[in-house]
1. Of the residues Tyr141, Tyr187, Tyr137, which single one is open to solvent by 30 Å² or more (accessible area, probe 1.4 Å), within 16 Å of the ligand (Cβ to nearest atom), under 14 Å from the mean Cα position of the chain (by Cα) and closer than 30 Å to Ile10 by Cβ?
2. Among the residues of segment 265-295, which ones are in contact (Cβ under 8 Å) with a residue 40 or more places away in the chain and more than 23 Å from Tyr314 (Cα to Cα)?
3. Can you tell me which of Arg244, Arg173, Arg220, Arg216 is among the charged types (D, E, K, R) and within 16 Å of the ligand (Cβ to nearest atom)?
4. Touching a residue at least 12 places away in the same chain (Cβ under 8 Å) and either part of a loop (DSSP other than H, G, I, E, B) or under 23 Å from Leu9 (Cα atoms) (or both), is that true of Ala194?
5. Does any residue of segment 41-56 turn out to be away from the ligand (no atom under 15 Å from the Cβ), in contact with a strand residue (DSSP E or B) (Cβ under 9 Å, 6 or more places away or on another chain) and among the small types (Gly, Ala, Ser)?
6. Take the residues of segment 190-213 that are polar (S, T, N, Q) and out of contact with any strand residue (DSSP E or B) (no Cβ under 7 Å at 6 or more places or on another chain): which is nearest to the ligand (Cβ to nearest atom)?
7. For segment 286-294, state whether one or more residues are more than 16 Å from the ligand (Cβ to nearest atom), surrounded by fewer than 18 Cβ atoms within 10 Å (Cβ to Cβ) and over 23 Å from the mean Cα position of the chain (by Cα).
Amino acid sequence: MIKFLDLKLINKRFENELKNEFDNFLGAGQYILGSQVECFEKEFANYCDTHFCIGVSSGLDALQLIFEAYKVLGLLNEGDEVIVPANTYIASILAISNTKLVPILIEPNIDTFNLDINKIELAITKKTKAILGVHLYGQLYDVDGLERIAKQHNLLLIEDAAQAHGAIYKDGRKAGNVSNAAAFSFYPTKNLGALGDAGAVTTDNKELAETIYKLRNYGRTSSYENGIKGYNCRLDELQAAFLRIKLKHLDVDNHKRRAIAKYYIEHIKTKNIILPLNKDINQHVFHLFVIRSKKRDELKDYLYKNGVETLIHYPLATHKQLAYKELGDFKFSVTEQLHEEVLSLPLNPVLKSKEIKKIVEVVNTY
Ligand SMILES: *Cc1c(COP(=O)(O)O)cnc(C)c1O
């Protein structure tokens with residue numbers, strides 16, 4: 001069986017370095033907010049070409065801290081509306097409602113899976129204050145389009161970059177640097193994955209960064225003073241040390257992902273399967289390779305019986321989840337169609353060439 005993703009193999013490649021860093025960490029005796037976090041923040045800000053990076057405990061926390069910080073700065077208020085794609089992972093939408101803002105779900109473009117620019121302006125009201133764009137599956141959203149709308153309507157533009165570490169826009173800007181503030185997740189399965197939970201915020205905004213540094217650590221302004229009400233959302237020193245090792249390999253890994261995607265796109269030739277649309281390979285880091293089929297469940301079973309494990313991202317739209325029963329009456333036909341048709345093929349930097357060939361063969365015999 002070709003596994004969808006073998007995390008053990010992903011990390012095995014760095015076994016010696018990881019063990020070494022663990023020994024250093026154990027010996028240093030500084031377990032929270034030490035030099036590893038500081039160094040990682042510098043290195044990741046440098047990687048994204050932003051002035052600031054704030055290491056935090058997860059991708060969800062990164063998103064929530066951005067919203068909370070904008071509330072502290074007076075740019076967002078409880079009840080403000082935030083535009084978000086309806087087909088994103090539930091975490092993007094949770095971050096909005098958990099911080100007492102109101103998610104306004106917008107349909108994606110069926111070919112790119114990202115926000116449909118033409119549907120945003122119709123949804124803007126007096127209460128709309130921000131757009132949370134998501135680079136779903138690793139492909140940048142329409143950067144020009146979202147920047148234009150945000151500027152025209154005086155909205156904050158926030159980026160959910162949890163799936164897009166290293167994607168590059170045509171003007172050279174990277175994911176994490178095409179908005180006012182971006183949230184990253186380093187969940188173990190992501191293109192840059194820790195060995196546990198971890199996340200980060202990147203931004204050029206000094207005030208916002210300073211507010212998030214405080215918010216992630218109880219709102220502390222100095223050792224025993226708390227200027228604002230904060231949280232405990234710190235990035236672990238050990239995870240930061242691991243992330244520093246893996247960051248050095250991110251571009252090589254993304255390069256491998258793109259090469260596999262290119263191979264799939266050139267060699268998969270099956271009727272009734274729609275391959276992902278990709279106009280510019282640099283704007284995509286193929287966190288996931290998502291195909292579409294009207295007979296998705298049948299295809300999934302066929303692939304599994306023939307030794308290829310696939311996953312569905314995601315089986316049930318957020319507005320159909322019990323947790324969001326208040327959105328249950330909404331109808332998002334593109335989103336619902338996508339949730340019925342999408343299927344993710346294995347694509348990761350430890351796939352062997354014979355596995356890649358076999359995946360194509362099996363798909364092509366369906
Ligand atoms: C993974 C992910 C998140 C949440 O990240 P965690 O680290 O699991 O909290 C948010 N948004 C998207 C699009 C994701 O893929």
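The values are calculated or read from the model by the stated rules, or taken from the named source; none is laboratory data. The model shown is predicted, which means the values in this text are computed figures rather than measured ones. Cβ coordinates were reconstructed from backbone atoms using ideal geometry, including for glycine residues, and neighbour counts include every protein chain displayed. Each accessible area value is taken on the protein alone, full model and side chains, heavy atoms only, with ligands, DNA and RNA left out. Shrake-Rupley method; radii C 1.70, N 1.55, O 1.52, S 1.80 Å.
1. Sole residue among the options that is open to solvent by 30 Å² or more (accessible area, probe 1.4 Å), within 16 Å of the ligand (Cβ to nearest atom), under 14 Å from the mean Cα position of the chain (by Cα) and closer than 30 Å to Ile10 by Cβ: Tyr187.
2. His267, Lys269, Asp280, Asn282, listed by residue number.
3. Arg216
4. yes
5. yes
6. Taking the candidates together, the pick is Asn191.
7. Yes, because at least one residue in segment 286-294 is more than 16 Å from the ligand (Cβ to nearest atom), surrounded by fewer than 18 Cβ atoms within 10 Å (Cβ to Cβ) and over 23 Å from the mean Cα position of the chain (by Cα).
Here's the yes/no breakdown for (1) surrounded by fewer than 22 Cβ atoms within 10 Å (Cβ to Cβ); (2) more than 22 Å from Glu237 (Cα to Cα); (3) within 18 Å of the chain's Cα centre (by Cα); (4) within 16 Å of the ligand (Cβ to nearest atom):
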{"site": "Lys8", "(1), (2), (3), (4)": "yes, no, no, no"}
{"site": "Lys19", "(1), (2), (3), (4)": "yes, no, no, no"}
{"site": "Ala28", "(1), (2), (3), (4)": "yes, no, no, no"}
{"site": "Ala62", "(1), (2), (3), (4)": "no, no, yes, yes"}
{"site": "Tyr70", "(1), (2), (3), (4)": "no, yes, no, no"}
{"site": "Ile90", "(1), (2), (3), (4)": "yes, yes, yes, yes"}
{"site": "Ile93", "(1), (2), (3), (4)": "no, yes, yes, yes"}
